[in-house]
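Data block below; observations after.
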2 protein chains.
Amino acid sequence: MTEFTPAPAGLPRHATIREVGLRDGLQSIAHVMPTEQKLQWIQGAYDAGQREIEVGSFVPARLLPQLADTAELLAFAKTLPGLVASVLVPNLKGAQRAMECEAELMLLPLSASHAHSLANLRKTPDEVVADIARIVDAREATGSRTVIEVGISTAFGCTLQGRVEPAEVLRLVRAVLDAGADRVGLADTVGYADPAMVQALFALILPVAGDKLNCGHFHDTRGLGLANVYAALQMGVTRFDACLAGIGGCPHAPGASGNVSTEDLAYMLASMDIATGLDFDKLIALRSKLAGWLSTETLHGTLWRAGLPKTMKPANAPSPTMTAVA
Amino acid sequence: MTEFTPAPAGLPRHATIREVGLRDGLQSIAHVMPTEQKLQWIQGAYDAGQREIEVGSFVPARLLPQLADTAELLAFAKTLPGLVASVLVPNLKGAQRAMECEAELMLLPLSASHAHSLANLRKTPDEVVADIARIVDAREATGSRTVIEVGISTAFGCTLQGRVEPAEVLRLVRAVLDAGADRVGLADTVGYADPAMVQALFALILPVAGDKLNCGHFHDTRGLGLANVYAALQMGVTRFDACLAGIGGCPHAPGASGNVSTEDLAYMLASMDIATGLDFDKLIALRSKLAGWLSTETLHGTLWRAGLPKTMKPANAPSPTMTAVA
């Protein structure tokens, strides 16, 4: 919406924000959101223009009671025309449920960190790659049309093992594509990435994965979420995960911010004339609904308070005044 | 500190963070910080490695009682070896005081927005340029060695007039350099900039100003502060203003974030192997002191809570664990 000329680096003209708050956000929050509120959230996100929503995860309810109603949410999401409803699945059993429920897309996490993989799934990364191959075979066997996307988590570092070698991330991307995954994304699960790391890692992997690498998942744990998105945009990435109000974060760090916030990311993209199809008024209205539902949680994001710049609003819209000297 | 290869775009190896919290931060806060606390802040910032600090502003105390002790702070700052102590001056009278007090640098604000200039200084931008010329002449007359830096405020847009033409910013930069200013910086006073705007505006002005354009002043009002810094770094900018704990913001938007936070900016730079000479433990310790002094204010920044990544800490340092799936 700004009339500035495009950045020298060159940026895409369109981008997609996948709402992952119902999964990555809510799984990190002890409070169990009632299904009725989740249904309102999905409808509201759809009404605001979101066309990709990760509605939950097919994991045992005893592990994540917050996501126990995923099948019901998926069934509802599938009634919304043009909505790509996705679910996270940690194993073959979850993948079978996703295919039975005819999810448009299932997200398979693969930790590039050996330590994180063992801690989360009690499997090595290569054992997870083998599972992914089995899931691909199962899809072929059933003739399911569910897209398989692998999210390479801790791709930029890990709180358990520390550094994660870019060469290991590259090796795993090759392995899952060889195993038949349709897409891969790179996830900064713990907020270790910086913009230079993002550009370096995407530069390393894009020549191998091409347009099958098409998602960036950045947490704002240390305030670099949107800077990392900008770095990825400069590499041609056009799909990003985000959570409304930036919910999520780390269960071990109360108040720590989670994924980049949907509304702030939508603002950054719109300000740079990158089309997302999102309606800010509806997004902000949905955010205040969410703030009511999660009144005991720390929320994040800035646009809800600051509002759109006058340069992005109808000429007659009111705007706060400001008197700082510099 | 990361071992990743540099970003494809290429980044500078060193950068300077100028602490402006004592001026831009405190001027936006009603609470008047006692001089004794300000002196501790200056000493603490110096001990943490900061070598440029804007200690206040020579404006009438009736306008900004928060900054009434600027001369005393400047006198103290000048006792710290190697510290570049700067003050903001809105006019010739303030400049004369800055030169009498032998400030190393005086920051002269010039609004690129006609409406903002009239609202703040009751002068048009061209009248302010004429003042700057008079200040340059006064410096020549006195033989003062105080460096004159012009901060082009509202360079990316204005809450009063909306869009600010890049061509007008360019015209004003030319005018102040012709008038004899030593340096210029571009300020996103109201948080309207996005990374593409930053790259486009610096790309427009650097060919004219060269290394005399060497400061970026970004507010985090809409969450893009660090993304904008990254964009400026890619253009070769190596000096940035910041406020500890991101204090400041807009007096008309309670809780709105102000400048980029010193500690988060320092973290982003260090993570990208851009040397700043800053000590994180001391910065974070100073931030908690500040949080005590400003216990009624909304503070910002993320590093104080999240801590440094394990990859940036001694191998034996403790680190939080994390169990999110992706």
Between residues in segment B:163-185 that are within 13 Å of B:Ser153 (Cβ to Cβ) and β-branched (Val, Ile, Thr) and residues that are open to solvent by 50 Å² or more (accessible area, probe 1.4 Å) and at pLDDT 95 or above, which pairs lie under 8 Å by C-beta distance while being six or more apart or on different chains?
B:Val169/B:Leu204; B:Val173/B:Val208; B:Val184/B:Lys212
Of these, B:Ala85, B:Ala103, which one is in contact (Cβ under 8 Å) with a residue 40 or more places away in the chain, within 22 Å of the chain's Cα centre (by Cα) and farther than 27 Å from B:Leu201 by Cβ?
B:Ala103
Neighbours by Cβ (under 6 Å, 6+ apart or cross-chain): first from segment B:59-71, closer than 16 Å to B:Lys38 by Cα; second open to solvent by 30 Å² or more (accessible area, probe 1.4 Å):
B:Pro65/B:Val32; B:Gln66/B:Val32; B:Ala68/B:Ala61; B:Asp69/B:Thr35; B:Ala71/B:Cys101
Of these, A:Gly236, A:Gly249, A:Gly292, which one is open to solvent by less than 10 Å² (accessible area, probe 1.4 Å) and either touching a residue at least 40 places away in the same chain (Cβ under 8 Å) or away from chain B (no Cβ under 12 Å) (or both)?
A:Gly249
All positions within segment A:197-233 that are within 20 Å of A:Gly277 (Cα to Cα) and facing chain B (nearest Cβ under 8 Å):
A:His217, A:Leu226, A:Val229, A:Tyr230
Do we have A:Ala266 as farther than 24 Å from A:Val55 by Cβ, at pLDDT 95 or above, open to solvent by less than 20 Å² (accessible area, probe 1.4 Å) and not charged (D, E, K, R) here?
no
Residue check: is A:Thr124 of a type in the set (Ser, Thr, Tyr), at pLDDT 95 or above, within 27 Å of A:Thr159 (Cα to Cα) and surrounded by fewer than 20 Cβ atoms within 10 Å (Cβ to Cβ)?
yes
In the set B:Ile42, B:Ile53, B:Ile17, the lone residue that is more than 30 Å from B:Tyr192 (Cβ to Cβ) and either within 14 Å of chain A (Cβ to nearest Cβ) or in contact (Cβ under 8 Å) with a residue 24 or more places away in the chain (or both) is B:Ile42
Residues of segment B:111-125 being at the interface with another protein chain (Cβ under 9 Å from one of its Cβ atoms) and in contact (Cβ under 8 Å) with a residue 40 or more places away in the chain, in sequence order, are B:Ser111, B:His116, B:Ala119
Which one is nearest to the other protein chains (Cβ to nearest Cβ), of the residues in segment A:174-196 that are over 18 Å from the mean Cα position of the chain (by Cα) and buried (at least 24 other Cβ atoms within 10 Å of the Cβ)?
A:Ala196
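The values are calculated or read from the model by the stated rules, or taken from the named source; none is laboratory data. No experiment lies behind these values; they were computed from the predicted model shown. For neighbour counting, all protein chains shown are included, and Cβ atoms are generated from backbone atoms with ideal geometry for every residue, glycine included. Accessible surface is based on the protein model in full, side chains and every heavy atom, while ligands, DNA and RNA are left aside. Shrake-Rupley method; radii C 1.70, N 1.55, O 1.52, S 1.80 Å.
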